[in-house]
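Peer 1: Okay, handing you the structure first.
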Amino acid sequence: MNLHEYQSKQILKKYGVSVPYGIVALSANEAYEAARKITKETGLEYWAVKAQVHAGGRGKGGGVKIAKTLDEVKLYASQIIGMHLVTPQTKKEGKLVRKVYIEQNIFYDGPSEPTEIYMSVLLNRATGRNMIMYSPRGGMDIEGVAAETPELIFTEEINPKVGIQAFQARKVAFNLGLSGKAFKEMTKFVTALYTAFEGIDATLFEINPVVKTKDDLIYAADAKVVIDNNALYRHLDIADMRDFDEEDPTEVEAGKFDLNYVKLDGNVGCMVNGAGLAMATMDIIKMSGGDPANFLDVGGTASAERVEQAFRIILKDPNVKAILVNIFGGIVRCDRVANGIVQAYKNLGEIDVPIIVRLQGTNAIEGKEIIDKSGLKVFSAVTLNDAARLVTESV
């Protein structure tokens, strides 16, 4: 589950991670009042006005502005709220901005220069251990740093038996070229950040940038947090932060029926039981000359009701020109799945796209007979090659 920046920072703060003082606002007037309150609490002028959407690269898309007066805060907030923000991580139509985050200025005057640092915490899939990835060259062009100067990207793996150690936090601060007060602040920051990562069962922390201020304080100037959905039962307070407005409506609807659905940009819908088989089915669709319109795993039961709801969700996509159903009958019998498909077809009324059904496993022959004798616009396939051929002929 993705979180907004302001939600991420609320969580980080609970674990002792230093974050700038900020207030979320739903309108330009609220933004104005938030800026006044921030100045009253911090004594600092200048504010960051940040669009709150589930996408990175907001600054590149005009979703982050620095205001030097209260009137500018109100102006920028009015411009950002309601805009469709287009970033390298959104679709071409962008994402509608419904709220902004007003935050204190951390680029104030001091005895030294501010520094922007990149830092993330994630799983190293090659070793099965969490790692901290960091670079002294943070900011909006971190992708360029990774491509052009990979020697400036450092990693620190954490042993899950003992957790992050003090020497590892010091090593991070040393590699970042910090000293004195900033060195001590960074070691505390890194330790708290990793503790938060483990504490909330996150799959990704990305802080870009971490800022060393001119007076050597360390702040998470931005925060992208992704939570493991399978662990949300342990964090009901975080589960309540889910923003359905930021998610695809069809994927939200599928979740209500316990269907694992992800919308894609292709023209062949697929309905499969099992994630591995779903991935293989998508490969078959691609090899046959089509493009997968979705990933959809109906699970091990594949009951008539679930099959019907799966069809409804797939057919909501106007780009779908054919549907490939690929079911392996292990826990569920193929004849029951076939009856479910026929029943769902009749309940949905006229379906104007061809449906290709491949059933293998328990009672696969009986299931094929049910499909063949249904009289519906449903074509049965025995092998993957048969399924691929029928997909090719349909799109």
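The values are calculated or read from the model by the stated rules, or taken from the named source; none is laboratory data. Remember, it's a predicted structure, so these values are computed and weren't measured experimentally. Glycine gets a Cβ as well: all are built from the backbone with ideal geometry, and neighbour counts include every protein chain shown. Protein only, heavy atoms only, side chains kept; ligands, DNA and RNA dropped before computing areas. Shrake-Rupley method; radii C 1.70, N 1.55, O 1.52, S 1.80 Å.
Peer 1: Against the condition touching a strand residue (DSSP E or B) at 6+ places or on another chain (Cβ under 9 Å), under 19 Å from G22 (Cβ atoms) and either open to solvent by 40 Å² or more (accessible area, probe 1.4 Å) or without any contact (Cβ under 8 Å) to a residue 60 or more places away in the chain (or both), how does E93 come out, does it pass? Before the answer, list the steps.
Peer 2: Numbers: touching a strand residue (DSSP E or B) at 6+ places or on another chain (Cβ under 9 Å): yes; under 19 Å from G22 (Cβ atoms): no; either open to solvent by 40 Å² or more (accessible area, probe 1.4 Å) or without any contact (Cβ under 8 Å) to a residue 60 or more places away in the chain (or both): yes.
It is false that E93 is touching a strand residue (DSSP E or B) at 6+ places or on another chain (Cβ under 9 Å), under 19 Å from G22 (Cβ atoms) and either open to solvent by 40 Å² or more (accessible area, probe 1.4 Å) or without any contact (Cβ under 8 Å) to a residue 60 or more places away in the chain (or both).
Peer 1: For residues that are open to solvent by less than 50 Å² (accessible area, probe 1.4 Å) and at pLDDT below 80, tally how many sit in region 304-314.
Peer 2: The total comes to 1.
Peer 1: Now a separate question. Please state which one of V298, V325 is within 19 Å of D386 (Cβ to Cβ) and crowded, with 20+ Cβ neighbours inside 10 Å.
Peer 2: Working: V298 fails: within 19 Å of D386 (Cβ to Cβ).
Sole residue among the options that is within 19 Å of D386 (Cβ to Cβ) and crowded, with 20+ Cβ neighbours inside 10 Å: V325.
Peer 1: Now for a different question. Filter region 1-27 down to the residues that are assigned to a helix (DSSP H, G or I) and open to solvent by 20 Å² or more (accessible area, probe 1.4 Å) and list them by number.
Peer 2: Quick first cut of region 1-27, residues assigned to a helix (DSSP H, G or I) only: 5-14.
Y6, Q10, K13, K14, listed by residue number.
Peer 1: Do the conditions hold for I117, that is, is it part of a strand (DSSP E or B) and open to solvent by less than 40 Å² (accessible area, probe 1.4 Å)?
Peer 2: Numbers: part of a strand (DSSP E or B): yes; open to solvent by less than 40 Å² (accessible area, probe 1.4 Å): yes.
It is true that I117 is part of a strand (DSSP E or B) and open to solvent by less than 40 Å² (accessible area, probe 1.4 Å).
Peer 1: Pairs needed: first member in region 150-164, free of Cβ contacts under 8 Å to residues at least 60 places away in the same chain; second member anywhere, among the aromatic types (F, W, Y); C-beta distance under 9 Å; at least 6 residues apart or different chains.
Peer 2: Close Cβ pairs satisfying both conditions: I153/Y118; I153/Y134; F154/Y134; T155/Y134; E156/Y134; I158/Y194; G163/Y194; I164/Y194.
Peer 1: Against the definition (over 18 Å from the mean Cα position of the chain (by Cα) and farther than 30 Å from G199 by Cα), how does A67 come out, yes or no?
Peer 2: Numbers: over 18 Å from the mean Cα position of the chain (by Cα): yes; farther than 30 Å from G199 by Cα: yes.
So A67 passes the test.
Peer 1: For region 134-153, indicate whether the set of residues that are assigned to a strand (DSSP E or B), open to solvent by 20 Å² or more (accessible area, probe 1.4 Å) and either touching a helix residue (DSSP H, G or I) at 6+ places or on another chain (Cβ under 7 Å) or among the hydroxyl-bearing types (S, T, Y) (or both) is non-empty.
Peer 2: No, the conditions are met nowhere in region 134-153.
Peer 1: Of F183, F189, which residue is open to solvent by 40 Å² or more (accessible area, probe 1.4 Å), in a helix (DSSP H, G or I) and under 26 Å from E157 (Cα atoms)?
Peer 2: Checking each option against the conditions leaves just F183.
Peer 1: Return the total of residues in region 78-101 being basic (K, R) and part of a strand (DSSP E or B).
Peer 2: Taking region 78-101 first, the residues basic (K, R) are 91-92, 95, 98-99.
Still in the list and also part of a strand (DSSP E or B): 95.
Summing the residues that are basic (K, R) and part of a strand (DSSP E or B) in region 78-101 gives 1.
Residues are listed down the side, and each one gets a yes or a no for (1) closer than 17 Å to V211 by Cα; (2) among the basic types (K, R):
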{"site": "I66", "(1), (2)": "yes, no"}
{"site": "S78", "(1), (2)": "no, no"}
{"site": "G82", "(1), (2)": "no, no"}
{"site": "K95", "(1), (2)": "no, yes"}
{"site": "K99", "(1), (2)": "no, yes"}
{"site": "D109", "(1), (2)": "yes, no"}
{"site": "I117", "(1), (2)": "yes, no"}
{"site": "G128", "(1), (2)": "no, no"}
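Peer 1: Also, I was wondering about something else. Of the numbered conditions (1) more than 27 Å from F197 (Cβ to Cβ); (2) in a loop (DSSP other than H, G, I, E, B), H54 satisfies every one except a single condition; which is it?
Peer 2: That leaves (1) as the condition not met.
Peer 1: With I66, I38 as the choices, which residue is in contact (Cβ under 8 Å) with a residue 12 or more places away in the chain and part of a strand (DSSP E or B)?
Peer 2: On the way: I38 fails: part of a strand (DSSP E or B).
Selected residue: I66, the only one of I66, I38 that is in contact (Cβ under 8 Å) with a residue 12 or more places away in the chain and part of a strand (DSSP E or B).
Peer 1: Could you identify the single residue in Y46, Y32 that is surrounded by 16 or more Cβ atoms within 10 Å (Cβ to Cβ), at positive phi and touching a residue at least 12 places away in the same chain (Cβ under 8 Å)?
Peer 2: Values: Y32 fails: at positive phi.
Of Y46, Y32, the one residue that is surrounded by 16 or more Cβ atoms within 10 Å (Cβ to Cβ), at positive phi and touching a residue at least 12 places away in the same chain (Cβ under 8 Å) is Y46.
Peer 1: Which pairs turn up if I take residues in region 249-261 that are more than 13 Å from E308 (Cα to Cα) and acidic (D, E) and look for partners that are at pLDDT 85 or above and open to solvent by 50 Å² or more (accessible area, probe 1.4 Å) with beta carbon separation below 8 Å, at least 6 apart in sequence or on another chain?
Peer 2: From region 249-261, the pairs are E251/V262; E251/K263.
Peer 1: Scan region 355-372 for residues that are of a type in the set (V, I, T), part of a helix (DSSP H, G or I) and under 18 Å from R306 (Cβ atoms) and jot them down. Outline the logic, then answer.
Peer 2: So in region 355-372, the residues of a type in the set (V, I, T) come out as 355-357, 362, 365, 370-371.
If we keep only those that are part of a helix (DSSP H, G or I) as well, we get 365, 370-371.
Once the filter is applied, which keeps residues that are of a type in the set (V, I, T), part of a helix (DSSP H, G or I) and under 18 Å from R306 (Cβ atoms), region 355-372 yields I370, I371.
Peer 1: Of these, D352, D317, D335, which one is in a loop (DSSP other than H, G, I, E, B) and buried (at least 16 other Cβ atoms within 10 Å of the Cβ)? Even if it seems obvious, please write down each step before you answer.
Peer 2: Values: D352 fails: buried (at least 16 other Cβ atoms within 10 Å of the Cβ); D335 fails: in a loop (DSSP other than H, G, I, E, B).
Unique residue meeting the criteria: D317.
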